[in-house]
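The values are calculated or read from the model by the stated rules, or taken from the named source; none is laboratory data. Just so it is clear, the structure is predicted and the values come from calculations on it, not from any experiment. FYI the Cβ positions are ideal-geometry reconstructions off the backbone, even for glycines, and counts take in every protein chain you see. We work out accessible area using only protein heavy atoms, side chains counted, and drop any ligands, DNA or RNA first. Shrake-Rupley method; radii C 1.70, N 1.55, O 1.52, S 1.80 Å.
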Amino acid sequence: MNPLELYGRRFHSRLLLGTANFPSPERMTAAVHAAQAQILTVSLRRTAVGGEAFWDQVRGLGTQVLPNTAGCHGVREAVTTAQMARELFGTRWIKLEVIADDDTLCPDVVGLVEAARVLVAEGFEVFPYTTDDLGVAARLLDAGCRVLMPLAAPIGSARGLSHPCGLRALRAHFPDVPLIVDAGLGLPSHAAAVMELGYDAVLLNTAVAQAGDPEAMARAFAQAVSAGRTAYLADPIAPRDMAAPSTPVLGMAVLA
Amino acid sequence: MSGSRERTSVGHASVAVIGAGVAGLAAALALTERGARVRVYERAAALGEGACSWQAGGMLAPWCERDGAGPELTAQGEEALAWWPRHHPATVQRGTLAVAHARDRGELEKLARRSGAGQWLDGEGIAALEPALAGRFEHGLWFAREAHLDPREALHSLAAALGARGVPIQFHAEVDAAELVADAVIDCRGLAARDALPDLRGVRGETLVLRTAEVAFRRPLRLLHPRHPLYLVPRADGRLLLGATVVESGHAGPVTARAAMELLNAAWALHPALAEAAIVELGVGVRPALPDHLPCLLTQGRITRFNGLYRHGFLLAPWYAQALARQLFPTQEARA
């Protein structure tokens with residue numbers, strides 16, 4: 001299968017994992033291995049002081065670290081956190097979150113575009129956490145983002161694809177931009193559905209970390225991502241309103 | 001190196017315990033109960049100083065705490081329900097009440113499923129247990145067998161019990177396990193033992209103590225929430241402990257504004273009268289944690305490392321302390 005390419009780096013895994021809220025580092029490690037994840041996100045906002053021991057555990061997994069600005073509410077706060085992340089992890093990658101509202105955790109898309117512009121100018125490779133809004137997506141690409149991460153549903157909600165038409169439209173409008181669904185997935189079937197739409201990857205955290213058995217759930221998601229990707233590449237048939245008999249009906253007895 | 005020490009009988013075996021947090025004191029008591037001659041060394045000037053046990057919630061909640069940890073936590077934690085009333089008579093066994101707002105009902109269902117315990121209550125059932133919560137919550141889970149204690153009083157009870165058995169606790173004692181003259185050394189230094197346990201890391205926890213005469217609660221309450229869960233533990237004199245953050249940081253600096261706001265916000269959502277309570281204390285503890293978040297008893301020669309109690313010091317110390325005593329002195333019966 002063709003690899004996933006993000007900012008010039010190639011990955012065979014299309015499942016990205018967040019590292020927050022696992023029952024323990026040991027179970028996080030088991031889940032990362034079961035998911036065969038090659039990219040892990042790490043939150044910095046609250047652990048900027050004294051978090052070294054945990055970061056060492058994440059680094060020890062030998063994967064690409066994608067630091068995030070989770071919990072940041074304004075442009076300046078997000079930019080500062082990104083700068084700190086670059087120092088700490090030695091990477092230009094940043095998953096940019098600018099949160100509009102603490103209850104819904106919806107992105108502040110205006111602040112997001114502004115912060116993306118600042119960070120790209122400073123040499124960052126930005127993965128913006130955004131909505132499926134086409135206009136915002138265009139602005140983010142104008143700002144220099146080369147990957148987009150739309151949400152499927154609110155963070156941690158496990159709702160799945162709340163607006164599949166929006167995700168489909170985004171895919172259709174930006175066929176060449178890597179699109180990663182970030183947030184809102186709860187079940188492997190959600191991840192498979194995202195991949196069947198032609199998305200390039202999915203990012204999960206809560207759905208795996210808070211499952212009763214994170215390792216088993218990580219494995220299930222990896223299988224679903226792989227199944228969805230394979231199905232997309234296999235060119236699925238289009239849905240129809242009427243039955244489409246697979247054998248000719250001409251000459252058969254007409255049923256009353 | 002000193003010469004070989006002969007351990008003739010348990011009655012003569014000498015044990016040095018380093019650290020007077022809940023791990024060290026529980027270990028010292030369990031070993032004393034098996035007949036060992038024990039001395040406790042503590043680098044701080046007074047009981048509880050600098051120990052994360054001092055900042056603990058003191059909930060003995062083997063079912064509520066099971067989620068994410070596995071069945072062994074419940075099995076081992078049940079030992080605490082028998083051990084603490086014997087060693088700290090002020091232990092209160094009135095259960096735990098877990099509640100959630102309507103939109104977080106799923107969190108209660110998850111807790112019921114994963115704890116394998118808990119009795120469903122409606123609004124009336126909640127009010128019967130905690131009159132202050134009348135009319136505030138429609139669904140709750142009651143864990144009747146769980147208990148709670150005041151960790152500071154409990155540490156003093158253990159120290160007093162040791163004193164009564166002639167076990168000295170030496171303060172201001174910065175000692176090196178390798179140099180202590182004893183048949184066995186139990187290293188209960190918590191985070192300070194990172195020199196011997198490289199996998200040990202600190203997980204920061206922040207707490208607040210409120211004092212109010214407006215509302216009173218009889219048992220620990222848990223307000224479930226996907227991002228900002230809160231527990232509240234009643235203490236004496238109208239004080240209520242609110243806890244606790246779980247931050248991947250070994251930093252022991254003061255409580256952050258965010259942590260205080262989140263805890264207070266959750267407390268307010270639990271009962272608006274708490275908004276008028278006085279804040280009498282802000283506490284920070286850094287929990288010693290191993291990668292599996294379970295404690296270890298790791299014996300290397302005559303030194304045993306008892307560490308990694310993480311969020312479960314008061315819950316798990318009794319089981320591990322007794323396991324340690326059995327491990328060191330398998331033939332001796334404990335005399336409580």
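Size check on chain A: the Cα extents along the three principal axes, sorted descending, read 79, 40, 36 Å.
Of the residues B:Met261, A:Met217, the one with the largest accessible area comes first in the ranking B:Met261, A:Met217, computed with a 1.4 Å probe on protein heavy atoms.
Applying 0.36 nm per residue to the separation of B:Val246 and B:Ala334 and subtracting their alpha-carbon distance, the gain on full extension is 28.0 nm. Among the helices of chain B, those built from whole DSSP H runs whose Cα atoms reach 18 Å or more along their own axis and whose mean Kyte-Doolittle hydropathy is at least -1.0 are B:71-87, B:151-164, B:257-270, B:313-328. Can you give the helix-only mean residue ellipticity at 222 nm for chain B, where every DSSP H stretch with n ≥ 4 adds -39500 (n - 2.57) and the sum goes over all residues, rounded to the nearest 500 deg cm²/dmol? Only helices count here, giving -8500 deg cm²/dmol. Whole Å is fine, so just give me how far the alpha carbon centre of the range B:190-256 lies from that of the range B:73-152. Here the two parts' Cα centres lie 17 Å apart. Label-to-label distance for A:Val49 and B:Ala236 is 3.4 nm, based on points extended 7 Å past Cα in the beta-carbon direction.
Put simply, the C-alpha atoms of chain B give a gyration tensor, and the ellipsoid matching it has half-axes of 37, 20, 18 Å, longest first.
Among beta bridges from DSSP that stay inside the protein assembly as shown, the antiparallel ones total about 55%.
Annotation: per residue accessible area for the range A:85-136 equals 39 Å², rounded to a whole number [probe 1.4 Å, protein chains only].
Based on the Cβ-Cβ distance from A:Asp56 to A:Ala243, what FRET efficiency comes out when R0 is 35 Å, to the nearest 0.05? Calculated value: 0.05. Loop-located GluC sites (Glu not before Pro) in the range A:97-145 (DSSP state other than H, G, I, E, B) with a sparse environment of at most 16 neighbouring Cβ atoms within 10 Å: A:Glu122. Of the trypsin sites (Lys or Arg not before Pro) found in the range B:253-336, those that fall in a DSSP loop while having at most 15 other beta-carbon atoms within 10 Å are B:Arg335.
Could you check how much of the accessible area of chain B is carbon and sulfur, as a whole percent, using a 1.4 Å probe? With neighbouring chains kept in place, the figure for chain B is 51 percent.
For chain B, modelled as a GNM whose springs connect Cα atoms under 10 angstrom apart, the maximal fluctuation among B:Ala244, B:Ala213, B:Ala325 occurs at B:Ala213.
If only the Cβ of Lys and Arg carry +1 and only the Cβ of Asp and Glu carry -1, the dipole of chain B around its Cα centre is close to 340 debye. When GluC sites (Glu not before Pro) are flagged only if DSSP places them in a loop and at most 13 other Cβ atoms lie within 10 Å, the longest unflagged stretch of chain B comes out as B:50-173.
Computed from protein heavy atoms with a 1.4 Å probe, the total accessible area buried between B and A is close to 1700 Å².
Between B:Thr299 and B:Asp199, the distance separating the two model label sites (each 7 Å from Cα on the Cα→Cβ line) works out to 1.9 nm. To put it simply, the accessible area of chain A at a 1.4 Å probe is 54 percent carbon and sulfur.
Angle of helix A:25-35 to the longest C-alpha principal axis of chain A, folded into 0 to 90 degrees and rounded to 10: 40°. Dividing the alpha-carbon radius of gyration of the range A:1-96 by the rule-of-thumb value 2.2 N^0.38 Å gives 1.08.
Using C-alpha pairs under 8 Å with a sequence gap of at least 6, the mean separation divided by the residue count of the range B:181-336 gives a relative contact order of 29 percent. The modelled label-to-label distance for the pair B:Ala273/A:Asn2, using points 7 Å beyond Cα in the direction of Cβ, is 6.6 nm. Expressed as an acute angle from 0 to 90° and rounded to the nearest 10, what is the orientation of the C-alpha long axis of helix A:109-121 relative to the principal long axis of chain A? So the inclination is approximately 60 degrees.
Applying the criteria of a DSSP loop state and at most 11 other Cβ atoms within 10 Å to the trypsin sites (Lys or Arg not before Pro) of the range A:50-113 yields no site.
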